[in-house]
Structure formats: structure tokens, C-alpha cells
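The numbers here are math on the coordinates, done by the rules we state, and not lab data. Keep in mind the model is a prediction, meaning the values are calculated, not measured. Positions of Cβ are generated from backbone atoms using ideal geometry, with glycine treated the same way; all protein chains shown enter the neighbour counts.
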Amino acid sequence: MVAIGAGGIDIAVAMAGGAFHIPSPKVRGIRLVGKLPKGCSAKDVILKVLEKFGTKGNVGWIFEYFGPGVKTLDVPSRATITNMGAELGVTTSVFPSDAVTRQFLAAQGREADWVELVADKGASYDDVFEVDLSKIEPLMAAPHSPGNIVTVRSMKGRKVNQILIGSCTNSSYRDIRTVALYLEGRHVADDVEVGIACGSRQVVNMLAADGSLAILVQAGCRILENACGFCIGAHMSPRTGAISLRTNNRNFEGRSGTKSAQVYLVSPETAAASALAGKVVDPREAPVAAVPAPKAFPIDDEMFLYRKTARKGVRGTEIVRGPNIAQVPAGAPLPADLAGIAAIKVGDKITTDHIMPAGARLKYRSNVPEYAKYVFEPVDSAFHDRCLANKADGLANVIVAGESYGQGSSREHAALCPMYLGVRAVIAKSIERIHNANLVNFGIAPLRFADPADYDRVDAGDKLSIPGLRAALEKGAERVTVENLTKKTTFEVLAGFSPRQIKLILAGGLLAATAPKK
Amino acid sequence: MMNVAQKILASHVVEGDPRRDSEIAIRIDQTLTQDATGTMAYLQFESMGVPRVKNELAVSYVDHNTVQIGFENADDHDFLASIR
């Protein structure tokens with residue numbers, strides 16, 4: 001199977017039976033050879049891939065892992081690699097379904113569901129990159145990007161304030177049991193706080209049964225809820241200026257809830273070894289035995305709530321809507337001419353955490369007018385008020401950005417809330433895939449500078465006009481001309497949208513284009 | 001001869017040719033949301049006027065807003081449980 005990130009409205013369309021649009025993918029084969037050395041694990045592999053390919057420039061690619069090294073990786077390890085693969089900006093990452101997959105499904109009581117799926121002999125890739133697992137060393141993603149890779153060796157001995165283990169990337173039984181083996185019979189350093197968040201109740205039960213949970217508690221770890229938790233800044237914000245080692249997949253500035261914190265992304269092995277010392281430690285110095293794949297998982301599906309939708313003769317549940325659940329705002333059609341203003345100018349690699357912060361603001365996601373107050377809060381907290389003032393003056397808001405605008409999480413609110421604030425276009429050097437799709441879904445034209453040097457010639461506050469934009473898009477224009485009325489210059493931007501994207505931009509978004517009229 | 005990604009996509013493409021077009025459309029079997037971004041997905045689904053999900057499996061996973069400071073998170077969870 002492949003799993004592809006998308007904004008909520010694309011999910012809604014898929015649930016309504018509609019098709020999902022993606023850039024035609026190119027496939028890069030990542031050939032794995034050899035076997036991981038002791039003390040290294042899957043997290044170090046994906047950090048190695050990020051070191052090579054970074055967090056931008058991979059739009060439209062699928063990374064497929066193949067080669068003799070694949071069979072040395074258990075399913076949770078493959079999951080770590082494909083989970084954090086999202087930070088490359090790829091459409092998805094995939095491993096073959098082989099004997100290891102079969103054993104995992106059998107251990108889950110689902111062997112009958114296994115289907116073999118491997119590349120044909122002689123199948124080709126658009127590009128191939130080889131990773132020798134036996135040459136992997138422990139790595140870290142340094143502040144503030146998952147692509148900013150350094151070796152653990154180079155950071156050895158640095159004092160650490162906080163260590164958090166868990167998240168969707170590294171919270172499997174294998175991961176947490178490995179941590180318990182490092183901590184067994186010992187205690188974490190005095191002046192470091194250590195938190196553990198297991199992936200699921202099943203994992204907690206397994207760790208309770210084999211004594212790992214007791215080891216972790218006695219070693220001084222705080223046991224956290226099985227949730228996204230610290231990754232999204234929902235809790236456990238570190239102290240001012242802290243160095244925090246975490247096993248999750250995103251270390252964007254401020255995401256932890258503490259703007260001055262320096263978050264490094266590491267493997268569970270590096271985290272555990274460093275927790276004991278209170279400093280960065282190379283986990284290869286005293287490695288523990290590999291955790292074998294369980295022969296059987298104790299299945300606990302009690303927390304599944306199944307369908308209760310109304311159907312003939314059966315009453316469904318009544319939909320419950322608390323006061324924070326607001327109306328979904330509708331977009332307005334694109335005007336014939338765009339009379340706009342550069343409401344903000346931002347640099348490179350602006351993430352959806354910059355645009356639409358999580359943490360303490362996360363609870364407002366069901367309430368667009370409220371959540372919109374926090375658009376760009378980490379960058380420019382006056383953005384919301386300025387946009388509404390511009391909107392009241394009859395001006396369309398335009399966001400001007402550098403390279404790789406919209407990295408990171410798929411949260412569509414990073415497009416939906418700007419739409420609500422009257423943003424009608426983004427003009428950037430380049431835009432990441434999911435965010436590009438979300439902008440189109442909410443009627444915001446994702447335009448790119450034809451000449452990146454024009455970025456330096458625009459400033460926040462410049463009045464930007466695109467006369468005849470609607471007609472140009474209707475004709476499928478590859479480029480349109482923007483008039484900078486303040487600087488008295490013009491520059492070209494790239495459009496080149498598909499017929500489907502044009503329809504959505506002109507209508508004011510997907511809901512405006514398709515919702516039944518009430 | 002196809003690699004794994006090509007095999008999976010080939011059995012799901014409904015529009016476009018990956019070798020020729022810049023964009024393709026694929027059929028989606030399963031959808032997964034989490035509680036922070038999922039409420040908006042379901043509110044938008046509701047506004048489309050489709051009475052029941054049409055894909056093979058739609059899962060709503062609640063594992064983000066678990067700290068629950070203030071009423072908003074628990075209300076979202078009630079909403080998500082009630083729309084199933």
C-alpha cells in the first residue's frame with residue numbers, strides 16, 4: 001500500500017468517492033545493502049537519506065526501498081523510515097511486501113491478509129541512490145530542520161536538558177523495549193527530564209508484561225500518554241534555551257512550544273544512551289542486543305468505535321457540535337482583476353508550523369475565524385489584523401515567499417485560514433506539494449517567480465496588481481504579468497495550472513466549486 | 001516490468017497517464033484523519049451532502065489533542081465520535 005499526505009478537503013472528497021490528484025510521480029530507488037551495525041537503527045537510515053536529499057526539491061517523487069538490505073529491517077524499522085520520509089517532501093515512500101511483512105502480519109493474527117508485492121526483475125527507477133547500512137553511524141537532525149543533519153560524534157559531550165522518546169516515528173515495541181534495555185538497572189542523569197510516549201495501548205501492555213515499563217519508571221522516566229503529544233507542542237515544552245533530544249520527525253523552530261529551544265531529532269538508541277549521561281552519547285559505545293520481532297502481538301482492538309450512520313430502519317448517532325465547532329467558510333470566485341497588496345514577505349523553507357502554529361493554538365482547528373487570528377503568529381503576529389484591514393480596503397492579500405514555501409505538516413488550515421483572511425495569491429520561488437494542493441483547494445493561486453531574482457525587488461506593503469488574471473487563467477496561461485504599483489515595475493510569475501486546478505482557483509476553492517447549493 | 005510504486009499506482013489510476021501527463025488522478029481505498037485536522041475534514045465532508053462515506057474504509061484516529069485544556073478538545077472528540 002502507499003500512504004499519501006493530503007489536506008482535509010482532499011480527504012473529504014476521497015470519502016465522497018472522488019479521485020485524488022497528484023503530480024505524476026517519478027520513482028527513486030533507494031538501494032539498501034549490508035546490515036545496520038549495533039547501536040544504529042532505522043532512524044539513522046532516514047536521517048542519512050535526508051542528509052543526501054534534504055527537505056526540498058523532492059516534490060513529485062516516490063522513494064522506493066529495495067535491495068538485499070531490505071530483509072534485514074523489521075516492519076517497525078521500515079515504518080520509521082517511511083514515516084519520516086514525509087519530511088523529504090516526497091509524495092510517499094514504500095517498501096516491498098516480503099517474508100518479513102508476512103511474519104509481522106502473522107504475529108498480528110492477519111497472515112491471510114498478506115500479499116507479496118516486490119519489484120519485477122528488471123524493473124527500473126528514474127534514479128537510484130545506494131545506502132550501505134553497514135556504514136551507517138548515529139545521526140541527528142539539528143535545529144531547526146529535519147534535513148539539517150549532523151553526526152552524533154560531532155555533538156558528543158554536549159549537555160542535554162530534555163530527552164523525549166516516542167511519536168509516530170519511533171514509539172513501537174521495538175523502539176521502547178530497546179530504550180528499556182539501555183536503561184535497565186540504571187537511572188537517568190540527575191539534571192535531565194526524560195519522557196516516554198508509547199505508540200499505543202498494545203505497546204504499553206507488552207512493555208508491562210515483559211518488565212520494561214518497571215525499568216523505565218525506576219530509571220526516572222516520565223510516562224506520557226500514547227499520543228502525538230510533545231511533537232506537536234501539546235505538552236512538555238522545554239525550558240528557555242534548552243537542548244532537547246527527541247525521537248520524533250519535526251524540529252521546526254517554536255514547534256515544541258518554546259521558541260528558544262534547540263530540538264535535535266535522534267534515534268531511540270541515541271536518546272537512551274544520552275539520557276543516562278545527561279549529555280550527547282554515541283549509542284555504539286555500549287550497545288544493547290537487537291529486539292527480536294515478536295512471534296505474536298497481544299491484540300487489543302477495544303478502542304475501535306464502529307459505524308453507526310443512519311441507514312434504513314436504523315437510527316444513526318446524533319451529531320454533537322460544541323460551541324467551538326464553527327461553520328466551514330466558503331470561498332468567493334476570483335475577481336476579473338487582482339488588486340492586491342503584499343501582506344507579508346517571508347524567506348525560504350517557511351513551514352506550515354510558521355504559517356499555522358500548533359501547540360497551544362491546536363484546539364482552535366474546528367473554528368476558522370478564531371484560528372485565523374494566529375496565522376503567521378511565530379513570524380509576524382500583526383498579520384491577521386493587517387489582512388482584515390486590507391480586505392476592508394478592498395485589497396486582496398498576497399503572500400510573498402522564498403524557496404520551499406509550505407514545508408512540513410499537511411494542515412490545510414495553513415491555506416484555509418489565509419483564505420478566510422482574504423489571501424488570494426502566493427508568489428514564491430517554489431512551493432511544496434501538499435501545501436500547493438491545499439492552496440488550490442481554497443482558491444489561492446500558487447504563483448511562482450519566473451525569475452527568482454524578482455523576489456528581492458518586492459517588499460511587504462507593495463501594491464501588486466494582476467489585471468485580467470481571471471481571463472488569463474481561463475485561457476490556461478503559463479505566465480502572467482504582475483504590476484508592482486508601488487515600485488512602478490513589472491515581473492512575470494509562472495501559472496501553468498491543470499484544467500482542474502484552474503477551475504478550483506476561479507471558483508474560490510473546492511467546496512465553492514462542488515458543494516450543493518443550500 | 002514495474003517497480004512496487006508503479007504496480008500500486010497502475011491499479012488505482014483513474015485519469016491521466018503517468019508517462020505523459022503532469023498530473024494523474026488515483027482512486028483512494030482508505031482514508032485516515034487525526035483529531036486536530038480531522039474535524040475540518042469531516043465538517044467539509046458533511047457540507048458536500050453525501051450521506052455516507054463511499055470509500056472502503058474511513059478511520060478517524062484521536063491522538064493529538066489529548067491534553068484537553070479547556071472544553072474545545074473534548075467537544076471535538078465528541079463530534080468525531082458522533083459522525084461515525
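The value of relative contact order for segment A:334-477, using C-alpha pairs under 8 Å at least six residues apart, is 34 percent.
A simple rule links phi to the HN-Hα coupling: the Karplus curve 6.51 cos²θ - 1.76 cosθ + 1.60 with θ = phi - 60°, which for segment A:223-229 gives 9, 9, 5, 7, 7, 4, x Hz, with x for Gly and Pro. For segment A:261-330, the set of chymotrypsin sites (Phe, Trp or Tyr not before Pro) satisfying both a DSSP loop assignment and a count of at most 12 other C-beta atoms within 10 Å is given as A:F304, A:Y306.
Among the chymotrypsin sites (Phe, Trp or Tyr not before Pro) within segment B:26-82, which fall in a DSSP loop and have no more than 14 other Cβ atoms within 10 Å of their own Cβ? Walk me through the numbers on the way to the answer.
Details: sites: B:Y42, B:F45, B:Y61, B:F71, B:F79; in loops: B:F71.
Hits after loop and neighbour filter: B:F71.
The relative contact order of chain A comes to 13 percent, based on Cα pairs under 8 Å that sit 6 or more residues apart. For the pair segment A:402-440 and segment B:56-72, the centres of their Cα atoms are 24 angstrom apart.
Loop exposure criterion: GluC sites (Glu not before Pro), DSSP state outside H, G, I, E and B, at most 16 other Cβ atoms within 10 Å. Applied to chain A, the longest stretch between such sites is A:319-477.
Between the Cα long axis of helix B:72-82 and the first principal axis of chain B there is an angle of about 60°, rounded to the nearest 10. Exposure proxy shown here: for B:D78, A:D126, the number of other Cβ atoms within 10 Å sets the order, fewest to most, as A:D126, B:D78. Across peptide B:68-78, the average count of Cβ atoms from other chains found within 10 Å of a residue's Cβ is 5.
Looking at segment A:384-518, the DSSP beta bridges with both ends there are about 50 percent antiparallel. Give the percent of DSSP beta bridges with both residues in chain A that are antiparallel, rounded to the nearest 5. Roughly 30 percent of the DSSP beta bridges within chain A come out antiparallel. Counting other Cβ atoms within 10 Å of each Cβ, which trypsin sites (Lys or Arg not before Pro) in segment A:457-504 have at most 16 and sit in a DSSP loop? Passing both the DSSP loop test and the Cβ count: A:K475, A:K487, A:K488.
Reported to the nearest whole Å, the Cα centre-to-centre distance from segment A:245-268 to segment A:163-231 is 18. The long axis of helix B:35-47 is offset from the longest Cα principal axis of chain B by roughly 80 degrees. Each part reduced to its alpha carbon centroid, segment A:31-48 and segment A:288-306 end up 23 Å apart.
With the helix formula -39500 (n - 2.57) applied to DSSP H stretches of n ≥ 4, the protein assembly as shown reaches a computed 222 nm mean residue ellipticity of -7500 deg cm²/dmol.
How shielded is A:221-234 by partner chains, expressed as the average number of their Cβ atoms within 10 Å of its Cβ atoms?
For peptide A:221-234, the averaged partner shielding equals 3.
Looking at this model, which pairs from A:K48/A:K345; A:K48/A:K71; A:K349/A:K488; A:K38/A:K135; A:K52/A:K121 are more than 22 angstrom apart at the alpha-carbon? Violating the 22 Å limit, Cα to Cα: A:K48/A:K345; A:K349/A:K488; A:K52/A:K121. Note: relative contact order over chain B, using C-alpha pairs below 8 Å and six or more positions apart, is 27 percent. Beta bridges assigned by DSSP with both partners in segment A:154-298 are antiparallel in approximately 5 percent of cases. Semi-axes of the equivalent ellipsoid for the protein assembly as shown, computed as √(5λ) from the eigenvalues of its C-alpha gyration tensor and ordered from largest down, come to 39, 27, 26 Å. Checking the cross-link filter: which aspartates and glutamates have an alpha carbon closer than 20 Å to that of A:K156, excluding same-chain neighbours under 8 positions apart? Cross-link targets: A:D44, A:E51, A:E137, A:D190, A:D191, A:E193, A:E269, A:D282, A:E285. Mean per-residue shielding of peptide A:408-416 is 2, counting Cβ atoms of other chains within 10 Å of each Cβ. With the cut-off at 30 Å, tell me which of the pairs A:K373/B:K54; A:K159/A:K429; A:K26/A:K503; A:K429/A:K475; A:K363/A:K487; A:K363/A:K429 have Cα atoms farther apart than that. Too far apart for the 30 Å limit: A:K373/B:K54; A:K159/A:K429; A:K363/A:K487; A:K363/A:K429.
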